[in-house]
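Novice: Can you read through this structure? Questions will come right after.
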């Protein structure tokens with residue numbers, strides 16, 4: 001049996017999941033997919049156009065705009081950000097915007113952590129690992145919910161010129177009726193767009209073809225999963241015939257839209273509530289990760305595969321989001337210094353040589369998780385450092401190839417290359433920019 005089924009699954013999805021091109025959804029509505037990692041939607045008005053999101057950089061935006069001009073030459077006079085706080089939806093704005101363009105965004109539902117800009121360096125490093133910056137094309141495969149692309153491309157971000165804080169805002173933009181609905185989920189400033197004339201709903205990042213990133217391993221402010229479920233409920237209140245996600249393919253057909261949104265909501269709600277019930281019984285994070293699983297009826301669905309986020313990360317995030325780091329065990333109220341604990345652990349395990357040999361044997365016998373955990377003990381104790389780094393890297397390479405989640409794959413492989421000295425920590429400029437945006441709005 002192939003051990004790398006996750007890799008094969010990710011490759012298969014990359015081949016068919018994000019075909020590059022502009023699709024005419026209905027009369028005057030155009031959907032851009034495959035130009036960078038995110039999507040954009042254009043609506044043609046009487047004299048001008050409205051654009052929903054702007055892709056992840058100047059180069060992707062320029063390519064898409066050139067193609068778009070085959071459909072309409074009208075200027076883009078309004079841009080709507082479904083979530084300003086993520087650069088992959090905003091970094092092409094300067095390419096698309098005509099002179100005097102109004103740029104609309106929603107004020108975050110919750111106050112944003114101030115001084116987040118002090119984390120810009122680690123955000124850039126962890127963001128680069130998550131998205132595979134510095135990896136080869138064969139190592140990256142895809143973004144999980146978008147094609148492989150240059151995330152450190154030139155940024156053409158424009159700041160919003162109009163913020164709104166209402167739950168709903170209805171506008172007439174050059175003959176286009178536009179409903180902007182606050183929908184906190186992946187970000188606190190998230191909104192979705194309802195276009196009643198066309199029966200089109202643009203979901204932003206609260207829906208796409210994957211188990212969602214209810215927690216991002218690059219780190220960030222807690223994503224309120226209960227609100228995310230409520231935002232999906234709000235989408236279901238509209239009679240949409242076309243669902244245009246912030247990533248991945250369009251869903252067309254009233255029944256298909258309703259079925260996909262309903263399954264998505266129900267599955268997320270189940271994991272949230274089962275985790276909370278377990279927490280209420282006093283279960284720890286590790287116990288919850290072992291027991292809270294997605295039932296088969298949802299786990300087999302194409303739109304709930306773990307190409308991006310994972311159920312296990314979701315469970316961990318819910319725990320820390322609601323109860324914080326302390327699991328209730330008084331032993332955990334204090335701790336030994338890391339090195340001293342590691343040295344004591346090695347002593348009772350027979351010493352560094354024996355532990356290294358056990359770690360090597362574990363990785364050779366396809367027990368990589370145990371192997372890399374043993375390597376961490378050696379590294380924490382400062383024992384057999386060079387050998388342990390190389391051995392851990394070997395384990396991480398195997399673990400990475402086993403993942404369905406592109407984010408997990410990239411993180412494993414990037415850290416393996418760092419341990420082997422094949423690269424220094426790469427940086428993702430957009431992630432650092434997003435930290436600074438938290439002071440806006």
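Values in this text are rule-based calculations from the coordinates and carry no lab data. Only a predicted model underlies this, so the values are computations on that prediction, with no experimental measurement involved. Using ideal geometry, Cβ is built from the backbone for each residue, glycine included, and neighbour counts are taken over all protein chains shown.
Novice: Starting from the Cα gyration tensor of region 245-385, multiply each eigenvalue by 5, take the square root, and state the resulting semi-axes largest first in whole Å.
Specialist: On the way: eigenvalues 318, 86, 29 Å².
Gyration-tensor ellipsoid for region 245-385: 40, 21, 12 Å.
Novice: May I ask for the distance between the Cα centers of region 206-226 and region 247-287, given as a whole number of Å?
Specialist: 12
Novice: Any idea how far the Cα center of region 313-327 sits from the one of region 333-411, in Å?
Specialist: 25
Novice: If we count other beta carbons within 10 Å of each Cβ, what is the order of 405, 116, fewest first? Mind showing how you got there, number by number?
Specialist: On the way: 405 25, 116 17.
Least crowded to most crowded, the residues run 116, 405.
Novice: Please give the Cα centre distance for region 54-84 versus region 123-144, rounded to the nearest Å.
Specialist: For region 54-84 versus region 123-144, the Cα centre distance is 25 Å.
Novice: Name the shape class, rounded, prolate or oblate, that the alpha-carbon gyration tensor gives for region 305-400, where a ≥ b ≥ c are the square roots of its eigenvalues, rounded holds for a/c under 1.5, and otherwise prolate holds if a/b is larger than b/c and oblate otherwise. Please list the in-between numbers first.
Specialist: Details: a/c = 2.73, a/b = 1.24, b/c = 2.21.
Verdict is oblate for region 305-400.
Novice: Over region 1-126, what relative contact order in percent results from Cα pairs under 8 Å that are six or more residues apart?
Specialist: Here the relative contact order equals 18 percent.
Novice: Please compute the contact order of the chain in relative form: average sequence separation of alpha-carbon pairs under 8 Å and at least six residues apart, divided by the residue count, as a percent.
Specialist: Numbers: 885 pairs, mean separation 85.5, N = 441.
The value is 19 percent.
Novice: Send over the semi-axes of the chain's equivalent ellipsoid, whole angstrom and largest first, taken as the square roots of 5 times the C-alpha gyration tensor eigenvalues. Write down the numbers at each step before the final one.
Specialist: Values: eigenvalues 332, 107, 85 Å².
Working through the eigenvalues yields semi-axes of 41, 23, 21 Å.
Novice: Moving to a separate point now. Pick from 309, 94, 351: which is most flexible by mean-square fluctuation in a GNM of the chain where alpha carbon atoms under 10 Å apart are linked?
Specialist: In this elastic network of the chain, the residue with the biggest mean-square fluctuation among 309, 94, 351 is 351.
Novice: Springs between alpha-carbon pairs under 10 angstrom, Gaussian network model over the chain: which of 225, 11, 340 fluctuates most?
Specialist: Looking only at 225, 11, 340, the largest GNM fluctuation is found for 340.
Novice: Order of 101-112, 289-300 by packing, highest average Cβ count within 10 Å first? Before the final figure, lay out each step's value.
Specialist: Working: 101-112: 18.6, 289-300: 14.3.
Ranking the peptides 101-112, 289-300 by packing returns 101-112, 289-300.
Novice: I've got another one for you. Could I get the Rg over Rh figure for region 1-107? Both from C-alpha atoms, Rh via Kirkwood, rounded to two places. Kindly include the intermediate steps, with their values, before the conclusion.
Specialist: On the way: Rg = 15.8 Å, Rh = 14.7 Å.
Looking at region 1-107, the ratio lands at 1.08.
Novice: Say we join alpha carbon atoms closer than 10 Å with springs in a Gaussian network model of the chain; which of 350, 175, 220 then has the biggest fluctuation?
Specialist: Taking springs between Cα atoms under 10 Å, the residue moving most is 350.
Novice: Follow-up. Calculate log10 I(q)/I(0) of region 233-309 for q = 0.14, 0.16, 0.19, 0.27 Å⁻¹, where I(q) comes from the Debye formula with a single equal point scatterer on each Cα and nothing for solvent.
Specialist: Calculated log10 I(q)/I(0) at the listed q: -0.56, -0.69, -0.87, -1.30.
Novice: Continuing with this model, one more query. Using 18 Å as the cut-off for backbone N distance, which residues of region 304-319 belong to the label zone defined by a point 7 Å from the Cα of residue 373 along Cα→Cβ?
Specialist: Under cut-off, by backbone N: 312-313, 316.
Novice: If neighbour count is taken as other Cβ atoms inside 10 Å, put 71, 96, 131 in order from fewest to most. Mind showing how you got there, number by number?
Specialist: On the way: 71 14, 96 24, 131 28.
Least to most surrounded, the residues fall as 71, 96, 131.
Novice: Now, a different point. Restricting to DSSP H runs of at least four residues, report the calculated mean residue ellipticity at 222 nm for the chain, -39500 (n - 2.57) per run over all residues, nearest 500 deg cm²/dmol. Please report the intermediate quantities before stating the final value.
Specialist: Numbers: 16 runs with 185 residues, N = 441.
Helices in the chain give a 222 nm mean residue ellipticity of -13000 deg cm²/dmol.
Novice: Let me ask something additional. Rounded to two decimals, what is the ratio between the C-alpha radius of gyration of region 201-277 and 2.2 N^0.38 Å?
Specialist: Numbers: Rg = 12.7 Å, N = 77, 2.2 N^0.38 = 11.5 Å.
Compactness ratio reported: 1.10.
Novice: In what sequence do 89, 365, 242, 179 fall when counting other Cβ within 10 Å, fewest first? Numbers along the way, then the final one.
Specialist: Numbers: 89 27, 365 10, 242 22, 179 16.
By the 10 Å Cβ count, ascending: 365, 179, 242, 89.
Novice: Could you tell me whether region 83-164 comes out rounded, prolate or oblate from its Cα gyration tensor? Rule is a ≥ b ≥ c as square roots of the eigenvalues, rounded for a/c under 1.5, then prolate if a/b exceeds b/c, otherwise oblate. The partial results should precede the final answer.
Specialist: Details: a/c = 2.37, a/b = 1.40, b/c = 1.70.
Because a/c hits 1.5 or more and a/b fails to exceed b/c, region 83-164 counts as oblate.
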